[in-house]
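Where a number appears in this text, it was derived from the coordinates with a stated rule and is not lab data. The shown structure was predicted, so the numbers you read here are calculated from the model rather than taken from an experiment. Positions of Cβ are backbone-derived with ideal geometry, glycine not excepted, and every protein chain shown enters the neighbour counts.
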Ligand SMILES: Cc1cc2nc3c(=O)[nH]c(=O)nc-3n(C[C@H](O)[C@H](O)[C@H](O)COP(=O)(O)OP(=O)(O)OC[C@H]3O[C@@H](n4cnc5c(N)ncnc54)[C@H](O)[C@@H]3O)c2cc1C
């Protein structure tokens, strides 16, 4: 097969025949070094890497892939890799959009998909314990069957895993009520870079020093592999209620949402689309023409739902919202997992991506306007739009979309990075955080030290202490210790 690699082309394979034989002893029937498998695991859902693939190159090749079934096997693989300083890259669903699973220095991909058992549902304490390779949709369906929900419904529900959610600090569409993954997790089991297995206790809280296991949440595979987790669950909601409003501009819509949050009211779904996205998604709603759509979904106990809806309607009306009924929300519910644009437009030469950032309410409008204008300022950008999709009493997450065709003097990658840089710069200058839930991966690594300030060196020191040879997902988030 003829193809080139973008990273690691000069690195010779670290996994020789003897290592493969030892891996096969650890996981009989769960190891592959076939070229076709190595190509499949060369990338995740990072949009620019789809373009590279169409041009005949892959980001980077792993030496092999392993599919463990137990925590002990994960520990044995990591110990073996540690003795030989071989990179280990945890892999969940491969739906990450930052290049987080790209094996930039080769090594062993540890695909967690066979570790998909639900261990226990504790009805009295409202907790579920599962292995982290479990697919998101299978997990939620399993819980629904027994009368519960996790309340974590990312758009990538069908193609992501519990471990990937935890490793990236993911946020689901229903997050305003149920919280983000870090609010849901109660306890963890993980394998560290030296093969040590750590467990924390499934209790609601403890005052026993810093909860060191929480460092794994958001570590994107750089501190170890999360193998099991205990999470909060909720009885399946008895009532669901929908409503929507159109606002003259995004400022009025944000004002309505802020006032809902100030009342300590948490609809499960709140989403505000700017004029461009309203036109793209809600062109059938006449009242929304030229306006900004807000969709709201409340769920839970019937009496609470009614109250939350009444308070939300009050806040929207006070901000001059025009009621649009439940039709736009039904449309959103039907189309919310539809992401066909990436496979449709990339082969036609269009470069696009989505970028989520967060802001306090104080800076929200400034940040929204600065990022939109930064995207529009780059030659070749044809689409620049945004929506707000996760809400807090303190602020909001904006989710921006850009798309365009690189000008003749720019490679697709240079164009892609130019737009990303403009967005990151505008976000930092507007007081925002550079990521709300997609994480750092490769794309944002260059911006992380500026985001974190002195905390970045603390992160580097923690990484060096836990993983002195930088075997865990090297090249992501922080510099490798032995570089
Ligand atoms: C169409 C689409 C929609 C999306 N929608 C959302 C959304 O609504 N909300 C959201 O938050 N994200 C969303 N994402 C991004 C992505 O789905 C999330 O980042 C998700 O959490 C990744 O899970 P995964 O299992 O696919 O992880 P992977 O892509 O396999 O891995 C992601 C990172 O986590 C690490 N990792 C994976 N498993 C483990 C483990 N067990 N232990 C330690 N590290 C591990 C990997 O090394 C990598 O660094 C979307 C992506 C796509 C393609």
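Residue ranges 435-445, 404-414 sort as 435-445, 404-414 when ordered by packing (mean number of other C-beta atoms within 10 Å per residue, highest first).
With the convex hull of the Cα atoms taken as the outline of region 175-247, the averaged projected area works out to 7.9 nm². Given a cut-off of 14 Å, what percent of all Cα-Cα pairs of region 246-289 lie beyond it? When every Cα pair of region 246-289 is considered, 53 percent fall beyond 14 Å. Once the Cα atoms are used to define both axes, helix 136-145 deviates from the longest principal axis of the chain by about 60 degrees. The distance from the alpha carbon centre of region 51-75 to that of region 396-414 is 27 Å, rounded to a whole number. A full extension of the chain between residue 126 and residue 405 corresponds to an added length of 95.5 nm, given 0.36 nm per residue minus the alpha carbon distance. Of all DSSP-defined beta bridges confined to the chain, some 85% are antiparallel rather than parallel.
Centre-to-centre, using Cα atoms only, region 234-256 and region 112-126 are separated by 32 Å.
Multiplying the residue separation of residue 34 and residue 307 by 0.36 nm and removing their Cα-Cα distance gives an extension gain of 92.5 nm. Relative contact order, whole percent, for region 1-107 stands at 40, derived from Cα pairs under 8 Å and 6 or more residues apart. Between 0 and 90 degrees, the angle of helix 250-262 with respect to the longest Cα principal axis of the chain falls at about 80 degrees. Using the alpha carbons alone, the radius of gyration of region 305-387 stands to its Kirkwood radius in an Rg to Rh ratio of 1.06.
Using just its DSSP H runs of length 4 or more, each adding -39500 (n - 2.57), the chain gives a mean residue ellipticity at 222 nm of -10000 deg cm²/dmol after division by all residues.
One decimal place: the segment residue 336-residue 279 gains 18.9 nm when fully extended, by the rule 0.36 nm per residue minus the C-alpha distance. Reported to the nearest whole Å, the Cα centre-to-centre distance from region 185-213 to region 266-327 is 40.
Peptide packing: for 245-258, 320-333, 381-394, the average count of neighbouring Cβ atoms within 10 Å per residue gives the ranking 245-258, 381-394, 320-333, highest mean first. With a Förster radius of 35 Å applied to the beta-carbon distance between residue 289 and residue 158, the computed FRET efficiency rounds to 0.60. The chain gives an Rg/Rh value of 0.97, both radii derived from C-alpha positions and Rh following Kirkwood.
Derived from the Cα gyration tensor, the three semi-axes of the equivalent ellipsoid of region 1-149 are 31, 21, 11 Å, largest first.
Note on residue 320/residue 376: beta-carbon distance plugged into 1/(1 + (r/R0)^6) with R0 of 30 Å gives a FRET efficiency of 0.65. How much FRET efficiency would the formula 1/(1 + (r/R0)^6) give for residue 198 and residue 429, where r is the Cβ-Cβ distance and R0 is 45 Å, rounded to 0.05? Taking R0 as 45 Å, the efficiency between residue 198 and residue 429 is 0.70. Which shape class, rounded, prolate or oblate, goes with region 126-215 when its Cα gyration tensor gives a ≥ b ≥ c as root eigenvalues, a/c under 1.5 marks rounded, and past that a/b bigger than b/c marks prolate? Here region 126-215 falls in the prolate category. Judged by the mean number of other Cβ atoms found within 10 Å, the most tightly packed of the peptides 120-128, 291-299 leads the ranking 291-299, 120-128.
Against the main long axis of the alpha-carbon atoms of the chain, helix 17-26 sits at an angle near 60°.
So for the chain, averaging the separation of alpha carbon pairs under 8 Å that are six or more residues apart and normalising by length, what relative contact order in percent results?
The normalised contact order for the chain reaches 15 percent.
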